[in-house]
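Encoded as structure tokens, the structure appears first; notes follow it.
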Amino acid sequence: MDDLEVPHRMTNPPPEEIAVRLHRAMDAAVGLPDTDIANIQLLIDAGERLVAFETLCTQIFEFEIALPPERVRDLGALGEVLGANHGLTDCLWEDTADM
């Protein structure tokens, strides 16, 4: 195994793991409309994981859905791996503080 392959695997989880983590966040997002869940699922199925992540975070923020702190932390870490804008998850802490 090449030394360059190890960090790549550590920083880039497989697509299945990304999907599981997005699903955990969707499950925790009580009040997220079914249409948004369906749209995010379509994006995941199409391999558009970054767009699915961005959509999920945006809708959680727009609907002012409070997530457990561990879920926000996981989304932040996932966004980092996907190359998403930090602001997408930073704003989710606003409603989490109210939990």
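The values are calculated or read from the model by the stated rules, or taken from the named source; none is laboratory data. Please read these numbers as outputs of a predicted model, since none were measured by experiment. Cβ: placed from backbone, ideal geometry, glycine included. Neighbour counts: every protein chain shown. For the accessible areas, the whole protein counts, side chains as well, though only heavy atoms, and no ligand, DNA or RNA atoms are used. Shrake-Rupley method; radii C 1.70, N 1.55, O 1.52, S 1.80 Å.
Of all the accessible heavy-atom surface of the stretch 46-99, with the other protein chains kept in place and a 1.4 Å probe, what percent is carbon and sulfur?
On the way: 1370 of 2830 Å².
Exposed carbon and sulfur together represent 48 percent of the surface.
Sort the following peptides by mean Cβ neighbour count (other Cβ atoms within 10 Å, averaged over residues), highest first: 24-33, 55-64. Mind showing how you got there, number by number?
Values: 24-33: 15.8, 55-64: 18.0.
Sorting 24-33, 55-64 by mean packing, highest first, produces 55-64, 24-33.
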With the label point 7 Å along the Cα-to-beta-carbon line of residue 24 and a cut-off under 17 Å to each amide N, the hits in the stretch 34-52 are none
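Per residue, how much accessible area does the chain have with a 1.4 Å probe, in Å²?
On the way: 5910 Å² over 99 residues.
Result: 60 Å² of accessible area for each residue.
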Computed, not fitted: 222 nm per-residue ellipticity of the chain from DSSP H runs ≥ 4 (each -39500 (n - 2.57)), nearest 500, equal to -20500 deg cm²/dmol
Under 20 Å by backbone N from the virtual spin label 7 Å along Cα-to-Cβ at residue 51, the residues of the stretch 67-99 are 79-86, 88-89
In vacuo Debye sum over C-alpha of the chain, base-10 log of normalised intensity I(q)/I(0) at q = 0.11, 0.12, 0.17 Å⁻¹, listed in q order, is -0.32, -0.37, -0.70
